[in-house]
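Asker: I am attaching a structure below and will ask some questions about it afterwards.
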Amino acid sequence: MDQECSQLLPAVCAVLADPRQPVADDTCLEKLLDWFKTVTETGAVDTVFSLQGDASLFVASAAGQLLVHVLALSMGGRAEGQPCPRGGDWPTCAWKIVGHIEESLCSTDTQRVTQALNVLTTTFGRCQSPWTEVLWEQLSPLVACLLERDPVPAPHSLVDLLLCVARSPVFGSSDCGLWETAARALSCLGPTQAGPLASGILKLQHGPQALRTQAFGVLLQPLACVLKATGQALGPPGLLDGTSDDSVMVDTLLSSKSSCAGLLCRTLAHLEELQPLAQRPLPWPQAPLLRAAVTILRLCNGSAAPASSVGCRLCGTLAGCVRVQRAALDFLGMLSQGVGPQEQVTQVFAILLEYLESPDSSPMVLKKAFQATLRWLLSSARTPSCSGLGPHTALFLPELFPVLQKRLCSPCWEVRDSALEFLTQLSRHWGGQADFRHVLLTSEVPELTWQLLQDPESYVRASAVTAMGELSSQGLHVATPTSPEHPEAQQMSTRRVGGQLPGMALEGARAVCGPRLCGWGQSPTVPKVLSWQPRPPQPHRPSSPTLCPQSLLPEFLHILSADSEGFPRRAVMQAFTEWLRGGHADVAQDTEWFVATVLQVVSRDLDWEVRAQGLELALVFLGQTLGQPGPHCPYTMALPKAAPPSPLAEALGALCRVRLFEFAFRALFDCDRPVAQKSCDLLLFLRDKTAPYRNLREAGGSPDSASVEAALQRWQAGEQGQPLGDLEPEAALAVLRSIDLEGLRGMLAEGSDHMEKSPQSLLRDMLARVGILQENQADCY
């Protein structure tokens, strides 16, 4: 190897090690490995060995990966079906690498042991050839010997290797001593390392039952210690067979707050991953796990009753630990998928209510508590004997809504946001249930939600829009006077003439919406942020209120056109799309006026996601007007079943009246690719739907279609252009069929690097990204 190659090798290794830079063309990599195969006798492999100890972790890691590539390449040249030779008959290069790994495994230097284990893990993960079985047979005794050291070196890397070998299909018929080594590792490793190994073993599709039982006992042992500390038993006898004495576990739990929290969080996460798997341990200890989750939450909030000195110390260690509270609430929510004793379910709702009520609950803990509560409410409603609200839900809701009402008034915006998200889900699932409607409407929740439409935080305004949109769909929002900030909004909804947006209505819309509701060819400006002015609480409503809901449409149109933040405007568009899809009363009153108004507001929105959602709304309108898209359309699943399509001429007239053609044509040349792609799909669907109807007169050479094509060319060139005005259906179809939509869709699907993928360009790009070229010396790390 010459000096220049030696200087370039570390840089190439660093590029290969970076997972953010995949090699699109592997030809250059193959050539590089071929070169290594030919120069192994000149000392190239020795150079890679030395690079494993490089001060840069990236270079050291890349050197190990390069050894795997060279080993696999040197062993991959034999004919198909040829029996795998024993280690002594391997190529010289491979034997040299294996010898280096053996020396490293026998070393007292933990870093060298870690490097060898990582090389083996990568090898067994990438290579599933028979020679890897021979490799494991030769090296497994050295791996097993690591468990005899005190302490065990590189335990995390050792666990990764054992699980990687266990997952390899090469060892399906013969474990080569793997299971014995894994069983020893479960006994020898500390709780922090044994937990991931136990979880990995239980996720395998195969393995000895005795090993699985031992692994499950190891995984449950931290929870067993928690329950024992509070005077409870984990479960039936034999559940913890094969595990070590719990004194080590207790020492780990009590050593520090960080180690205790880390062990419990990892244990809960492992069990949460196992629960939905078909190969999870059976019988699944649902009741003990419920007790453990509730106990951990009580230890964290100080309501547990310790039965020993260990329990008292755990109370002090876990008090107010947000990390453990979040993990335990996630785990408790997962357990809702199982069936537990009724008294335990009551305890679950009790601890959830405590966390929702507690002033000490952090915003993230409250969010997790809301999520877990929703899952348990849904689980209660799914019981076989339940019709409508479940028994626990019916009893829990009257206690829940005062808490929800309080959280909607929280000074912390994250709490208000989480409460609104929870309300949305409740309304979506139970908005049609009489008991739920009664509890909701006798509370201040609907009115508080309306007020939060003017919250100073954009995330909260967006969640309030979603919640009010869902409440309105269910007929659950309250009558509230039009905001004094935009009285013209109420007038907008009354200016509907023949399904069109006449001049007077347009001027009124501009008055209320400000600059954001502009003409089809005008540029918008961003108005000031809405201010939040909470209204005082209203007098208590009667127990059986008379619902007189007011239209939300003017309020939502104002937000869509005047809110300076993108999140509320996106939420409005999502609500409008759902209203159109579901036949909302405000939309059904005059669908064409609704679609025309919304598309006009959206057409010049500065947020590409708002414009993309406008295309989704347009696609729903198309489906309801012309029929559903075919299977080729990526949005098929999002659309409802539509009524039989109206005659084509009438349907095309409706599309022209709402200016859908102009909206889609302009979006076709949008500077944001997702918008253009969505518009292309919409127009392809529209073209396919109108293709069978050849009896219409098309104005292919008319001045109308010519002016449209000229406008499209200007838009494609990046000019703003003027609105197209009222289009005739024949001209719109003629222009539609003149556009090469398939070619445009192919161009939009191409990556930005499609022009140059030669090996030379690829190598230069790889080096440039890590700052090797003279003109770019920035350190990408």
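We did not get these values from a lab; they are worked out from the coordinates using the rules stated. On a predicted model such as this, the values are computed, not experimentally measured, just so you know. Every residue, glycine among them, receives a Cβ derived from its backbone with ideal geometry; neighbour counts consider all protein chains shown.
Asker: At a 10 angstrom cut-off on C-beta neighbours, averaged per residue, how do the peptides 146-153, 620-627, 585-592 rank from highest to lowest?
Answerer: Peptide ranking by packing, descending: 620-627, 585-592, 146-153.
Asker: I want to check the label-to-label distance for Ser56 and Asp150. Put each point 7 Å from Cα in the C-beta direction and report it in nm to one decimal.
Answerer: For the pair Ser56/Asp150, the computed spacing is 4.2 nm.
Asker: Could you give the length gained by full extension between Val248 and Ala691, i.e. 0.36 nm per residue of separation minus their alpha carbon distance, to one decimal place?
Answerer: 152.0 nm
Asker: Using a basic spin-label model with each label point 7 Å from the Cα along Cα→Cβ, how many nm lie between His438 and Thr108?
Answerer: 7.9
Asker: Could you work out how far apart the two model spin labels at Ala588 and Ser259 are, taking each label as a point 7 Å from the Cα in the direction of the beta carbon, and quote it in nm?
Answerer: Result for the modelled spin labels: 6.6 nm.
Asker: Can you tell me how much longer the chain between Ala278 and Ser738 gets when fully stretched, taken as 0.36 nm per residue apart minus their C-alpha distance, in nm with one decimal?
Answerer: Answer, rounded to one decimal: 160.2 nm.
Asker: Right, here's the next one. Give me the dipole magnitude in Debye, nearest 20, for region 261-407 about the Cα centre, with unit charges on the beta carbon: positive for Lys and Arg, negative for Asp and Glu.
Answerer: 260
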